[in-house]
């Protein structure tokens, strides 16, 4: 399996606690957060990686050389931010597999990746989105699904008593993605300009997991992650 790791974020909301590093290298229980992502993916059977880099990319490359000198990977660097869609498009052109896992590197989600791929292939989906059931949230948009977990809609951020959120791990068909986005500008949103606009043209499958989920994008959850990963075992 091959994964694209989205590791180019500015981490604006973490600037008050992590000012001199890209968000994915924020120290968590003595290790850069990206360490936990890679360790977990390796144990799940991901053997090849494409790192989508941007802000302070040289620090991420130094980290990879220090921690993972034998890791099989390539990388793309956004000289100027391309948006989530543009960043994925630049990176996915380096992918050698037709269906690729895409991971937000500021998010840890305990899911069965092999099973997620099985669902993706069985449905012949163009995209499969990991879903996490949450309660009383307004930080994330919500996702509506039908009885066979086909995604019907993506809703804007709002206070939701109970619903599914996009867990930040996706499987994308490379050829479909490149074809569907070929006429878009260089900078575009994966969520708005691809997922939402292509929703009625392609099959987007939802993959529900009850596994542990944390997004370190805000100081409160970043602080919580220090406790969560203190005894981390991939």
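The values are calculated or read from the model by the stated rules, or taken from the named source; none is laboratory data. Remember, it's a predicted structure, so these values are computed and weren't measured experimentally. Note that we place each Cβ from the backbone using ideal geometry, even for glycine, and neighbour counts take in every protein chain shown.
Here are some notes:
- Test set (1) more than 19 Å from the chain's Cα centre (by Cα); (2) within 22 Å of residue 42 (Cα to Cα) - residue 119 fails condition number: (1)
- Unmet criterion (only one of (1) modelled with pLDDT of 95 or more; (2) surrounded by 14 or more Cβ atoms within 10 Å (Cβ to Cβ); (3) not in a helix (DSSP H, G or I)) for residue 117: (3)
- Filtering the range 208-234 to residues that are in a loop (DSSP other than H, G, I, E, B), farther than 18 Å from residue 113 by Cβ and either out of contact with any strand residue (DSSP E or B) (no Cβ under 6 Å at 6 or more places or on another chain) or without any contact (Cβ under 8 Å) to a residue 40 or more places away in the chain (or both) leaves 216, 217, 218, 230, 231.
- Matching residues, the range 140-152, being crowded, with 20+ Cβ neighbours inside 10 Å and closer than 17 Å to residue 197 by Cβ: 143, 151
- Set 194, 188: member being touching a residue at least 40 places away in the same chain (Cβ under 8 Å) and part of a loop (DSSP other than H, G, I, E, B): 188
- One residue stands out among those in the range 42-66 that are assigned to a strand (DSSP E or B) and closer than 18 Å to residue 31 by Cβ: the one that is farthest from the chain's Cα centre (by Cα), which is 49.
- Condition check for residue 55: within 25 Å of residue 222 (Cα to Cα) and either surrounded by 15 or more Cβ atoms within 10 Å (Cβ to Cβ) or touching a strand residue (DSSP E or B) at 6+ places or on another chain (Cβ under 9 Å) (or both): yes
- Tally of residues being assigned to a helix (DSSP H, G or I) and surrounded by 15 or more Cβ atoms within 10 Å (Cβ to Cβ) across the range 176-185: 3
- When residue 128 is tested against (1) touching a strand residue (DSSP E or B) at 6+ places or on another chain (Cβ under 8 Å); (2) not in a strand (DSSP E or B), exactly one condition is not met: (2).
- Among residues of the range 68-82, those that are exposed (fewer than 15 other Cβ atoms within 10 Å of the Cβ), in a loop (DSSP other than H, G, I, E, B) and touching a strand residue (DSSP E or B) at 6+ places or on another chain (Cβ under 8 Å), counted: 1
- Qualifying residue in the range 67-83 (condition: over 21 Å from residue 41 (Cα atoms), at pLDDT below 95 and under 16 Å from the mean Cα position of the chain (by Cα)): yes
- Residues being touching a residue at least 40 places away in the same chain (Cβ under 8 Å), surrounded by fewer than 21 Cβ atoms within 10 Å (Cβ to Cβ) and assigned to a helix (DSSP H, G or I) - total across the range 87-108: 0
Residues checked against (1) surrounded by 17 or more Cβ atoms within 10 Å (Cβ to Cβ); (2) in contact with a strand residue (DSSP E or B) (Cβ under 8 Å, 6 or more places away or on another chain); (3) modelled with pLDDT of 90 or more:
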{"residue": "138", "(1), (2), (3)": "no, yes, no"}
{"residue": "154", "(1), (2), (3)": "yes, yes, yes"}
{"residue": "158", "(1), (2), (3)": "no, yes, no"}
{"residue": "163", "(1), (2), (3)": "yes, yes, yes"}
{"residue": "171", "(1), (2), (3)": "yes, yes, yes"}
{"residue": "174", "(1), (2), (3)": "yes, yes, yes"}
{"residue": "191", "(1), (2), (3)": "no, yes, yes"}
{"residue": "197", "(1), (2), (3)": "no, no, yes"}
{"residue": "206", "(1), (2), (3)": "yes, yes, yes"}
